[in-house]
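To start, the structure itself, in structure tokens.
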Amino acid sequence: MDQDPDSVLAGLDPEQEEAARAVRGPVCILAGAGTGKTRTITHRIAYAVGTGAVPPGQLLAVTFTARAAGEMRTRLRVLGVGRGSGGPGVQALTFHAAALRQLRYFGPRVLGGPVPELLDNKIRLVGTAAAKAGVRDTNRTVLRDLAAEIEWAKVTLCPQALYPARAAEAGREPPVPAATMVAVMAAYEDAKARGGVLDFEDLLLVTAAAIEEHRDVAEELRSRYRHFVVDEYQDVSPLQQRLLDAWLGGRDDLCVVGDPNQTIYSFTGATPSYLLGFGRRHPGATVVRLVRDYRSTPQVVELANRVLGKRSALRLVGQRPAGPRPTFAEYDDEPAEAAAVAAQCRARIDAGTPASELAVLYRVNAQSEAYERALADAGVPYVLRGGERFFDRVEIKQAMLLLRGAGRSADPATKMVDTVRDVLSGLNWSPSAPPPGGTARERWESLAALVAVAEELAAVQPEAALADLVAELEQRAAAQHAPTVQGVTLASLHAAKGLEWDVVFLVGLVEGTLPIQHALTDEQVDEERRLLYVGVTRARESISLSWSLSRTPGGPRRRRRTRFLHGIAPEGSSGTGTPAARRRGPAELPDGADPELFSRLRAWRSARAEAQKVPAYVVLTDATLAQLAARQPLDVPALVAVPGIGQQKLDRYGEDVLAIVRGEPAPSGAGA
Ligand code: ATP
Ligand code: MG
């Protein structure tokens, strides 16, 4: 780089600059979402190289995902210190890529032969091992969950013998008893050794051990790399930390950056304890806190702060101009919630927001079904991130096959929904509760979503036969199959980490889903809360949170809003809830509602209801009218943000309602 090194600091705020100026020695940057962590460390690197404090070839920057490493390389190149910008350049790699390069280089020396082949997928060997350990049921779901346990044990450096105790302590749910799990692990390691292959965890283990045990390797590596930077350090695992320690060899030229509040991968063995304990491990470290949030409006930032409350030592301070207030909405059932969200997406897109600037985020992938359908119904393109489209999932394809077969021979005397449950029992699905294991649970949830579709159909069309359900499902599958490149993002909260959109909908915020049912320990529940925080902090401008009281229309209203919104969402902020509507008379309008507008809306509604020969609440509920009187929407995007205004209501009554709010005569006339 040939600019003045100080110019690199020009784009930093005072705290960011303090971190960037600390070019040597241990540095710990504790920072919230959107506070410029990646920006700070890349500028720090550029400054250190620019001032000559650090030769670029001696610096290794590591992170966890290929995407994050790529992002870092791009930013370093822009700053003129990356690879390919002339000269040696700074390396930015994932832990795995760094280990692989090093092992390829000195492997022959320490392993006495070529570096073994890398196993890019464990499943086959896990299958062999499971059979050997006497596991009877070795379907793909079980194998994936066994593989997840093997990985967890390895990245947490848990010796096989200690697995049962540590797994119990960590609240793990292996798909087989812990003792069997140990046998599977042993058989897996055997099979791997016989095949002469290494898995991804071995790659880090073998590299660390080679450095620890071979003086010449350690000396060569340590003279090559003298300065280390780790981004997203809250996600480090004990195994990765061991490799980092091997690289450092007791030196302390290390800069770490992370957000303890974004630790959402503990279940894979990541732990924020190294980040939080950095000051203790490195006395005299420069510790910098970044709290200025450059991503989100102060309204979004305030909500994020409130989600964590006193649990967080970092209170974010929004730096952007003010934006709309977060909205909270309660719906009667999930399809109503999904329809309302889809209508809001439609209206935003019609008003000019690119679809790629919108996201609908949920806790578990099975929740996508309702949203895939509602968006398809509303003609809104969507893309799924980190998950498969509902009708593409293996278990759904299998279920469709069985349902089609059963549809031809179904006993008309049996209720359709019971037949569906019966058919799905052929896939080992039972209505009681999801089985243990992450993959097994996802599969169970997908099939449960299919049953919900059946229940929904039965609710609106009690005579529906199995053949009708199959036809309905096939129609939905076809409607949802249009491949898209640009659309509203549908993603789980986990898959949304590190991303950002102008408009974010956080949906399905009910107990049992968030926190997820199997989060039992305090630590697990805290991690669920952080998931909500990660979701909120993805929004630049607009955030909407919603939940529904029942899974299906007319179903039992057993669901409760997530505890994490207690004291945050206004109590009784229910949207379309009809019981709530019946309870609320005009005397109980929400704060800020205009009673005069409310009565004009009611007068218009009576006329419409009479003309359509339907009860008034079928047009719009009292709760919706009350919300309209409070929010006074002046355009379509504002109107569809009102709970209770879905696509249908918008099409039928949108123009009238906007006219009434604006104080104009209703265009279609009171009786149209
Ligand atoms: P995450 O927690 O999601 O990883 P982060 O802390 O790494 O976020 P960055 O991606 O570095 O944050 O920055 C977030 C956004 O804020 C970027 O668009 C960045 O350019 C901007 N930003 C960061 N610092 C400043 C600053 N001092 N002035 C103006 N904009 C800034
Ligand atoms: Mg970042």
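One residue stands out in segment 500-521 among those that are within 16 Å of ligand 1 (Cβ to nearest atom) and either in a strand (DSSP E or B) or at pLDDT 95 or above (or both): the one that is farthest from the chain's Cα centre (by Cα), namely Asp502. Checked against the criterion of being surrounded by fewer than 12 Cβ atoms within 10 Å (Cβ to Cβ) and of a type outside the set (Val, Ile, Thr), the candidates Asp392, Asp422, Asp377, Asp411 yield just one match: Asp411.
Pairing each residue of segment 451-479 that is modelled with pLDDT of 85 or more and crowded, with 19+ Cβ neighbours inside 10 Å with any residue that is in a helix (DSSP H, G or I) and hydroxyl-bearing (Ser, Thr, Tyr), provided the two are 6+ apart or on different chains, yields C-beta distances under 6 Å for Leu466/Thr419. For segment 9-26, which residues satisfy the criterion of being within 16 Å of ligand 2 (Cβ to nearest atom) and either in contact (Cβ under 8 Å) with a residue 40 or more places away in the chain or touching a Lys or Arg at 6+ places or on another chain (Cβ under 6 Å) (or both)? Asp13, Glu15, Gln16, Ala19, Ala20, listed by residue number.
On the given criteria, is Arg39 over 23 Å from Asp245 (Cα atoms) and within 11 Å of ligand 1 (Cβ to nearest atom)? Considered against the rule, which asks whether it is over 23 Å from Asp245 (Cα atoms) and within 11 Å of ligand 1 (Cβ to nearest atom), Arg39 comes out as yes. Scanning segment 544-579 for residues that are modelled with pLDDT of 85 or more and of a type in the set (Val, Ile, Thr) yields Thr552, Thr562, Ile568.
Checked against (1) away from ligand 2 (no atom under 16 Å from the Cβ); (2) in contact (Cβ under 8 Å) with a residue 24 or more places away in the chain; (3) over 29 Å from the mean Cα position of the chain (by Cα), Phe95 meets all criteria but (3). For segment 625-650, the set of residues classified as of a type in the set (S, T, N, Q) and either crowded, with 24+ Cβ neighbours inside 10 Å or outside any helix (DSSP H, G or I) (or both) consists of Gln627, Gln632, listed by residue number. Restricting to segment 328-353, and then to whatever is under 20 Å from the mean Cα position of the chain (by Cα) and not acidic (Asp, Glu), can you tell me which residue is nearest to Thr624 (Cα to Cα)? Only one residue fits best here, namely Phe328. Could you tell me whether Glu334 is in contact with a Ser or Thr (Cβ under 8 Å, 6 or more places away or on another chain), more than 20 Å from Ala491 (Cα to Cα) and not assigned by TED's automatic domain parsing to the domain that holds Glu442? No; evaluated as a whole, the condition is false for this residue. Quick one: is Ile29 within 11 Å of ligand 1 (Cβ to nearest atom) and more than 26 Å from Asp502 (Cβ to Cβ)? When the stated conditions are applied, Ile29 passes them.
Each row is one residue, and each column tells you yes or no for (1) under 30 Å from Val300 (Cα atoms); (2) touching a Phe, Trp or Tyr at 6+ places or on another chain (Cβ under 6 Å); (3) surrounded by 17 or more Cβ atoms within 10 Å (Cβ to Cβ).
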position	(1), (2), (3)
Val8	yes, yes, yes
Leu12	yes, no, yes
Ala22	no, no, yes
Gly25	no, no, no
Thr35	yes, no, yes
Arg73	yes, no, yes
Leu100	no, no, yes
Gly107	no, no, yes
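Checking the structure you have, find out if any residue of segment 10-26 is away from ligand 1 (no atom under 14 Å from the Cβ) and among the acidic types (Asp, Glu). Scanning segment 10-26, I find no residue that is away from ligand 1 (no atom under 14 Å from the Cβ) and among the acidic types (Asp, Glu), so the answer is no.
The number of residues in segment 252-263 that are within 16 Å of ligand 2 (Cβ to nearest atom) and surrounded by fewer than 20 Cβ atoms within 10 Å (Cβ to Cβ) comes to 1.
Condition check ((1) in a loop (DSSP other than H, G, I, E, B); (2) within 16 Å of the chain's Cα centre (by Cα); (3) under 23 Å from Ile349 (Cβ atoms)) across all residues:
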position: Gly498; (1), (2), (3): yes, yes, no
position: Glu523; (1), (2), (3): no, no, no
position: Gly554; (1), (2), (3): yes, no, no
position: Arg557; (1), (2), (3): yes, no, no
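For Ser296, the conditions (1) in a strand (DSSP E or B); (2) within 16 Å of ligand 2 (Cβ to nearest atom) are fulfilled apart from (1).
Restricting attention to segment 109-130, which residues are in contact with a Phe, Trp or Tyr (Cβ under 9 Å, 6 or more places away or on another chain) and modelled with pLDDT of 85 or more?
Correct list: Leu118, Leu119, Lys122, Leu125, Val126, Thr128, Ala129, Ala130.
The values are calculated or read from the model by the stated rules, or taken from the named source; none is laboratory data. Just so we're clear, the structure is a prediction, and the values are computed from it rather than from any experiment. Reconstructed Cβ throughout: ideal geometry from the backbone, glycine too, with neighbour counts over all protein chains shown.
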